[in-house]
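First comes the structure, then the notes that go with it.
The values are calculated or read from the model by the stated rules, or taken from the named source; none is laboratory data. All values reported here derive from a predicted model rather than from experimental measurement. Ideal geometry is used to build each Cβ from the backbone, glycine not excepted, and the neighbour counts take in all protein chains shown. With ligands, DNA and RNA removed, areas are computed over all heavy atoms of the protein, side chains included. Shrake-Rupley method; radii C 1.70, N 1.55, O 1.52, S 1.80 Å.
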Amino acid sequence: MEIVGIDVGFGFTKAYNGKNSIIFKSVIGDATSIQFRSLLGDDSSASNIHITLEDKSYFIGSYAELQSNIREFTLDQETLIEEFVKILAITAAGLCTDTTAPINVVSGLPVGYLKRDSKKFKQMIKGVHEITYHNPNGEDVKKKINIDNVYVIPQPIGSIFNLIFDAQGKIKDRGLATQKLGVVDIGFKTTDLSIFDHLQYIERGSSTMDSGISKCFSVVANKLRQESNITIELYRMYKFIESGIIKIKGKEYNISNLKKRVYTHSASAIASDLNRLWENDWDIDSIILSGGGSIELAEYLSPNIDGNVIPIPQNVDARFNNVQGYCKFGRYKWGYSKFLAENKPPKKNGKKVLAPEPAAEKPSEPPSENESDENEAKKQAGGLSWLRRQN
């Protein structure tokens, strides 16, 4: 049983199975006949996604942005669930894994939509799906994606799981699991502010706000429209925001200073909401910044937050924090050792071929460093009690 973490966001769709990862823009377009294909350019698996699902053909991600006449993109949660999730999630799953066996999926939703949309999300992707990938070389690859189980968790806790679990789903940081943590998960459309105390979700200190990085993009795009009379789709803004330069009909616009002002204002607004929401939670041990938007806003946001902010490592793509955590948690929940046993190589010449060392089964009560310190042992046990109930 392979386990895949899938994150269908407004900006990007991500998938991760512990070995392979895939990321592409959450854009769907109509498939059209390409008369000529250059041998040059980007030939990565995410750059030319052309699929057929349920007898309908689509271009996905940057390929749709580049080639489709009709491109669909949404910032509406209900539309995302109803019209985008199945296409994007199944596409990502098929690109991430080659198994024909049933797979288990862990995904997440913003805390504000978790209760409302979890059931619908599961219904959309669970079951057997036949999908065809049309490669640029003319080769068609048909896959059968069998999603057996789907587990949906609050989106921000994926970032915590990414820190406390190792790749096999074993707990590597018990200390973090016993802390009271705040998570600031900045996505494309939404920002999730969440508190987890000993991994227990705290409703009182959690909220979903429409203050993702797309609001910053929208301000810049509106300013450019006033200057050039051209409306730029928000999903096309990434590379221009990153470079600070955009050319419109041959005229160059420097948006670096505008970007800095917009980011500063957005970070200040998020920090104000955060400090107000968490005013009575002065005992938060650490605050984790996560999500693709945190990469952009971290330097503007961190100085405005009251508390111990864990910095984002320079060599880590924060867009994958949640989806990697989903996969690790799935391995904890469903047992990675079982997966290894199922895929253990056959005997050769009467001798067993050793498989990689499996992860431990369901974690036992974590011992304290000092066996005589009963209070510390109880504290750690409490911190991991939520996890043990998930098995």
If amide H atoms are built 1.01 Å from N in the plane of the peptide, which residues on other chains or at least 5 residues away come under 5 Å of the amide H of Gly9?
Lys14
Please report, to one decimal in angstroms, the Kirkwood hydrodynamic radius of segment 220-326 built from all distinct Cα-Cα pairs.
15.9
Which whole-number value in Å² is the accessible area per residue of segment 233-320, probe 1.4 Å?
58
Label-point gap, in nm, between Lys120 and Tyr253 - each point 7 angstrom along Cα→Cβ:
3.4
Using only the alpha-carbon atoms, what does segment 218-280 span along each of its principal axes? Please give whole angstrom values in decreasing order.
53, 18, 18
Within segment 248-291, what whole-number % of the accessible surface is contributed by carbon and sulfur, with the 1.4 Å probe and all protein chains included in the calculation?
45
Once the Cβ-Cβ distance between Leu66 and Lys19 is put in as r, and R0 is 30 Å, what FRET efficiency do you end up with, to the nearest 0.05?
0.60
Counting only the heavy atoms of the protein chains, how much of Asp281 is accessible to a 1.4 Å probe, in Å² to the nearest 10?
10
If each K or R counts +1 and each D or E counts -1, the residues other than Ile22 whose Cβ falls under 13 Å of its Cβ total +1
Sequence-distant residues sharing a close amide H with Ile153 (under 5 Å, placed H)
Ser107, Gly108, Leu109
Taking 0.36 nm per residue of sequence separation and subtracting the Cα-Cα distance, how much length would be gained by fully extending the chain between Lys172 and Ser286, in nm to one decimal?
39.3 nm
Under the Karplus relation with 6.51, -1.76 and 1.60 and θ = phi - 60°, whole-Hz ³J(HN,Hα) for segment 86-91, x at Gly and Pro, equal 4, 4, 6, 5, 5, 4
In a shell of Cβ-Cβ distance under 11 Å around Gln77, excluding Gln77 itself, what net charge do Lys and Arg (+1) and Asp and Glu (-1) give?
-2
Return one whole number: the accessible area per residue of segment 107-147 in Å², for a 1.4 Å probe.
57
